[in-house]
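Before any comments, here is the structure.
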Amino acid sequence: MIMQLNKVYSVKTIDRVAAELGETVDRIFDLAIDMETEDGVIWVYGPGDDSVIAFTRFGI
């Protein structure tokens with residue numbers, strides 16, 4: 001199965017991924033910080049300086 005990376009229809013926040021995997025957010029962050037967009041990780045920016053790491057299905 002070939003996954004098209006330009007067709008992302010949903011993401012999960014780092015908090016949700018950590019909870020689903022039974023890991024700490026810090027542990028997931030340490031793993032994700034070196035990942036690229038092609039690896040399934042993106043930054044989601046909110047109002048002001050708020051931002052959070054999120055993962056596509058491919059990134060999890």
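Residues being of a type in the set (Ser, Thr, Tyr) and not in a helix (DSSP H, G or I) are entirely absent from the range 29-43. What residue, among those in the range 45-60 that are open to solvent by less than 60 Å² (accessible area, probe 1.4 Å) and under 9 Å from the mean Cα position of the chain (by Cα), is modelled with the lowest pLDDT? The residue in question is Gly59. Checked against (1) exposed (fewer than 10 other Cβ atoms within 10 Å of the Cβ); (2) modelled with pLDDT of 95 or more; (3) among the hydroxyl-bearing types (Ser, Thr, Tyr), Thr24 passes all but a single condition, namely (1).
The values are calculated or read from the model by the stated rules, or taken from the named source; none is laboratory data. In this text, all values refer to a predicted model and were calculated from it rather than measured experimentally. With ideal geometry, Cβ positions are generated from the backbone for all residues, glycine too; neighbour counts draw on all protein chains shown. Only protein heavy atoms, including side chains, enter the accessible area calculation; ligands, DNA and RNA are left aside. Shrake-Rupley method; radii C 1.70, N 1.55, O 1.52, S 1.80 Å.
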